[in-house]
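Below: the structure, in structure tokens.
The values are calculated or read from the model by the stated rules, or taken from the named source; none is laboratory data. Because the structure is a prediction, the values reported are computed rather than measured. Every residue, glycine among them, receives a Cβ derived from its backbone with ideal geometry; neighbour counts consider all protein chains shown.
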């Protein structure tokens, strides 16, 4: 994971080297007997701990706003504390403003970390919702698709029948989503990268669904959505929204960015599952999928 943040680590290391250069060239070295070991240990220890937290953050998270805020704020705390520590080894003129600016990085870094934790909190709420959407799958481990960890087609058919029996006459919609040109993605980037695309699309879809909605991997590059208490018009609007969200994804492979787009078809879930899915499969296979 650290390899994904190589530029951040290099920038932090260069900043520390820059501090050493500034203090050693613009400051006057203090005699050993005037060193304040309590300040050296506390300020230097803070810099070391902040650096360790930066490594922990970058080694456990993918890139993104939360990661940038947390790692950036901790880096500022590390650099500011390191500058405070360098003051114990070099005497700096009181008129030098750059020294004060470096030391001011500590409170600024704390503010940035606080903002990062605010967004991290919202991220955790979204992840909890993500887990809740999988809750009814936990009762049947055989229902999981190995690659995406979503429900499989057999589970989808059972749930369609369950919704029809549980709430007869109530609106319930079924949407089929198909990844455009998925076979070309496999050929261009390899099957492992294709599996990563399936996982990324599945995660994006889950994050944009309600807790009662059921997302399944129907077959190959196709996902199915079972939407209780939802009309076909509402399902079609949701499918367009999901397609737009997936289209905005920036999925990168070793050989470059992988473009991803979806086609969709939707219908009332008021017929036998096999009939519904066959009709939607035919519709989504057309050049431009339409509402069934």
Point to revise | Selected residue (only one of 65, 22, 9 is under 20 Å from residue 112 (Cα atoms), surrounded by 14 or more Cβ atoms within 10 Å (Cβ to Cβ) and in contact with a helix residue (DSSP H, G or I) (Cβ under 8 Å, 6 or more places away or on another chain)) | key: 9
Practice item. Give the number of residues within the stretch 72-98 that are part of a helix (DSSP H, G or I) and either touching a residue at least 24 places away in the same chain (Cβ under 8 Å) or outside the structural domain of residue 27 (by TED's automatic domain parsing) (or both). Key: 16
Check your understanding: Just one of 205, 262, 277, 242 is modelled with pLDDT of 90 or more and under 19 Å from residue 158 (Cβ atoms); which is it?
Key -> 277
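Residues checked against (1) modelled with pLDDT of 90 or more; (2) under 16 Å from residue 211 (Cα atoms); (3) out of contact with any strand residue (DSSP E or B) (no Cβ under 6 Å at 6 or more places or on another chain):
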| position | (1), (2), (3) |
| --- | --- |
| 130 | no, yes, yes |
| 138 | no, yes, yes |
| 146 | no, no, yes |
| 149 | no, no, yes |
| 157 | yes, no, yes |
| 166 | no, no, yes |
| 174 | yes, yes, no |
| 177 | yes, no, no |
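Residue by residue, here is whether (1) in contact (Cβ under 8 Å) with a residue 60 or more places away in the chain; (2) outside the structural domain of residue 273 (by TED's automatic domain parsing); (3) over 20 Å from the mean Cα position of the chain (by Cα); (4) closer than 21 Å to residue 282 by Cα holds:
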{"site": "148", "(1), (2), (3), (4)": "yes, no, no, no"}
{"site": "165", "(1), (2), (3), (4)": "no, no, yes, no"}
{"site": "177", "(1), (2), (3), (4)": "yes, no, yes, yes"}
{"site": "189", "(1), (2), (3), (4)": "yes, no, yes, no"}
Exercise for review: State which residue is modelled with the lowest pLDDT when the search covers only the stretch 283-292 and only residues that are surrounded by 13 or more Cβ atoms within 10 Å (Cβ to Cβ) and either closer than 16 Å to residue 221 by Cβ or assigned by TED's automatic domain parsing to the domain that holds residue 156 (or both).
Suggested key: 289
Check your understanding: When the stretch 191-213 is examined, which residues are found to be more than 15 Å from residue 175 (Cα to Cα) and either free of Cβ contacts under 8 Å to residues at least 12 places away in the same chain or not in a helix (DSSP H, G or I) (or both)?
Key -> 191, 192, 211
Practice item. State the number of residues belonging to the stretch 191-202 that are modelled with pLDDT of 90 or more, out of contact with any strand residue (DSSP E or B) (no Cβ under 8 Å at 6 or more places or on another chain) and either outside the structural domain of residue 242 (by TED's automatic domain parsing) or buried (at least 19 other Cβ atoms within 10 Å of the Cβ) (or both). Key: 0
Exercise for review: May I ask you to say which residue of 233, 244, 237, 219 is under 19 Å from residue 277 (Cα atoms) and without any contact (Cβ under 8 Å) to a residue 12 or more places away in the chain?
Suggested key: 233
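From the list 63, 18, 45, 51, which residue is outside any helix (DSSP H, G or I), assigned by TED's automatic domain parsing to the domain that holds residue 89 and under 24 Å from residue 73 (Cβ atoms)?
Numbers: 18 fails: outside any helix (DSSP H, G or I); 45 fails: outside any helix (DSSP H, G or I); 51 fails: outside any helix (DSSP H, G or I).
When all the criteria are applied, what remains is 63.
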